[in-house]
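One structure below.
The values are calculated or read from the model by the stated rules, or taken from the named source; none is laboratory data. This one's a predicted model, so the numbers in the text were calculated from it and none came from an experiment. Ideal geometry is used to build each Cβ from the backbone, glycine not excepted, and the neighbour counts take in all protein chains shown. The accessibility values were calculated without ligands, DNA or RNA, using every heavy atom of the protein model including side chains. Shrake-Rupley method; radii C 1.70, N 1.55, O 1.52, S 1.80 Å.
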Amino acid sequence: MSSEQHPRRRAVLVAPGSDERKAGKALASAADEVVLDLEDAVTAAQKDAARELVASLVRRHGGERTVSVRINGRGTVWFEDDLRACAALAGDLASIVIPKVESVADLVEADRILGTDAPVPVQALIETPSGVQRIDEIVTGPRMAGVIIGYADLGAALGRASTAAPEHWLYVQDRVLHAARAAGVQAVDGPFLGIADDDAFRRSAQWVADLGFDGKWVIHPAQITSAASAFTPTGDQVEAARKVLAALEEAECRGAGAAQLDGRMLDEAVAVAARRILSKIGA
């Protein structure tokens, strides 16, 4: 499946699965996707209650918007129960986000537990050096819909400063992006380590948008508009993309071997870029 066929994930808001008020506010927001979190945002004592609350919220809202669930990772006592609860939500759940994926074996095990009756896609959070190292195999795993960079855990493992600029992450970002594009899955940037919609946040969003990512996780509703804007083509870009595809279609109808537009030759690479731009506006 190509990334153009997946739901838009320009701005993905993460909300704690144990807090009905915050989760409800997230579900009422303008985020393209809401991820209800059963992992980091939920204490051990709250895991079972949070799982039940999240199931209720997904059933209530999953039919009207894109809702995913971040489960607890493989190796935790909650992994299998989380997956079985998600399997029961197959008709309403957009995807399951699996944290700290380090190899394709993590995805194979999740697929086994979910079973054949629950065709729910998965997204893999890349949060460790091993996950980055094995990203090429991870993106080929079963049910793969997208990969997300998790900066907090990855930065801690690398010993990287929390104040590192977006360009300090270029190697990781390019590795993840190249692997995702080769596999036809989405590449989503992880959350900025701050809750303000400030210049630093907007710069980080624009940086990965310019690299070619599909969207970004946000941890506060105030960041949704700026994130969505960074990954939304401008009117000029949309118009140019439509002109490119129209020129190529006209050339094909005339039986011409090549097409030109405004003094430049058009080829399939230009068409791919144009189609990607239009896909970002749902066209």
- Message: Limiting things to C-alpha atoms, what are the Rg and the maximum Cα-Cα separation (Dmax) for segment 68-109, in angstroms?
- Response: 10.0, 28
- In degrees, nearest 10, range 0 to 90: what is the angle between the Cα axis of helix 235-254 and the longest Cα principal axis of the chain? 60 degrees
- Query: So what's the angle, to the nearest 10 degrees on a 0 to 90 scale, between helix 104-114 and the longest Cα principal axis of the chain?
  - Reply: 70 degrees
- Task: Evaluate the Kirkwood expression for the hydrodynamic radius of segment 57-173, namely the inverse of the mean inverse distance over all pairs of different C-alpha atoms, and round to one decimal in Å.
- Result: 14.9 Å
- Task: Determine the calculated [θ] at 222 nm for the chain from helices alone, applying -39500 (n - 2.57) to every DSSP H run no shorter than 4 residues and normalising by the residue count; nearest 500 deg cm²/dmol.
- Result: -13500 deg cm²/dmol
- Note on the structure: Across the chain, qualifying lysine pairs (alpha carbons under 24 Å, at least 8 places apart or different chains) come out at 8
- Task: Let me know the volume per residue of the alpha-carbon convex hull for the chain, in Å³.
- Result: 144 Å³
- Message: Please state the shape class of segment 115-257: rounded when a/c is under 1.5, otherwise prolate if a/b exceeds b/c and oblate if not, all from the C-alpha gyration tensor.
- Response: oblate
- Work out the FRET efficiency for ALA258 and ALA44 from their Cβ-Cβ distance, taking R0 = 45 Å, and round it to the nearest 0.05. 0.10
- Message: Give me the percent relative contact order of the chain, please, defined on Cα pairs under 8 angstrom at least 6 residues apart.
- Response: 17 percent
- Mind checking segment 26-114 for GluC sites (Glu not before Pro) that DSSP puts in a loop (not H, G, I, E or B) and that have at most 15 other Cβ atoms within 10 Å? GLU64
- Item | Whole-Hz ³J(HN,Hα) from phi, Karplus 6.51 cos²θ - 1.76 cosθ + 1.60, for segment 79-89, glycine and proline x | 4, 5, 5, 4, 5, 5, 5, 5, 4, 6, 9
- Quick one: putting +1 on the C-beta of Lys and Arg, -1 on the C-beta of Asp and Glu, what dipole do you get for segment 1-136 around its Cα centre, in Debye to the nearest 20? 380 debye
- Whole-Hz ³J(HN,Hα) from phi, Karplus 6.51 cos²θ - 1.76 cosθ + 1.60, for segment 163-179, glycine and proline x: 8, 4, 6, x, 5, 5, 9, 4, 4, 5, 4, 5, 4, 5, 5, 4, 5
- Task: Take the chain, connect every pair of alpha-carbon atoms lying under 10 Å apart with a spring to form a Gaussian network, then pick out the residue of VAL97, VAL132, VAL270 with the largest mean-square fluctuation.
- Result: VAL270
- Message: With angles folded into 0 to 90 degrees, how steeply does helix 47-61 sit against the dominant principal axis of the chain? Use alpha carbons for both and round to 10.
- Response: 40 degrees
- Say we join alpha carbon atoms closer than 10 Å with springs in a Gaussian network model of the chain; which of GLY255, GLY155, GLY24 then has the biggest fluctuation? GLY255
- Task: Report the extension gain between ARG59 and THR76 in nm, rounded to one decimal, defined as 0.36 nm multiplied by the number of residues separating them, less their alpha carbon distance.
- Result: 3.6 nm
- Query: Each residue of segment 221-234 in turn: what ³J(HN,Hα) in whole Hz from Karplus with 6.51, -1.76, 1.60 and θ = phi - 60°, glycine and Pro shown as x?
  - Reply: x, 5, 8, 4, 4, 5, 5, 4, 4, 4, 9, 9, x, 6
- Query: Which whole-number value in Å³ per residue fits the convex hull of the alpha carbons of segment 184-283?
  - Reply: 114 Å³
- Task: Could you list which residues have their amide H under 5 Å from that of VAL218, counting only those 5 or more apart in sequence or on another chain, with H placed in the peptide plane?
- Result: VAL12, LEU13, VAL14
- GNM result for the chain, Cα springs below 10 Å: residue of VAL176, VAL244, VAL139 fluctuating most strongly: VAL244
- Task: Give the ranking of VAL122, VAL108 by solvent-accessible surface, highest area first, calculated with a 1.4 Å probe.
- Result: VAL108, VAL122
- From highest to lowest solvent-accessible area (probe 1.4 Å; ligands, DNA and RNA excluded), ASP236, ASP197 read ASP236, ASP197
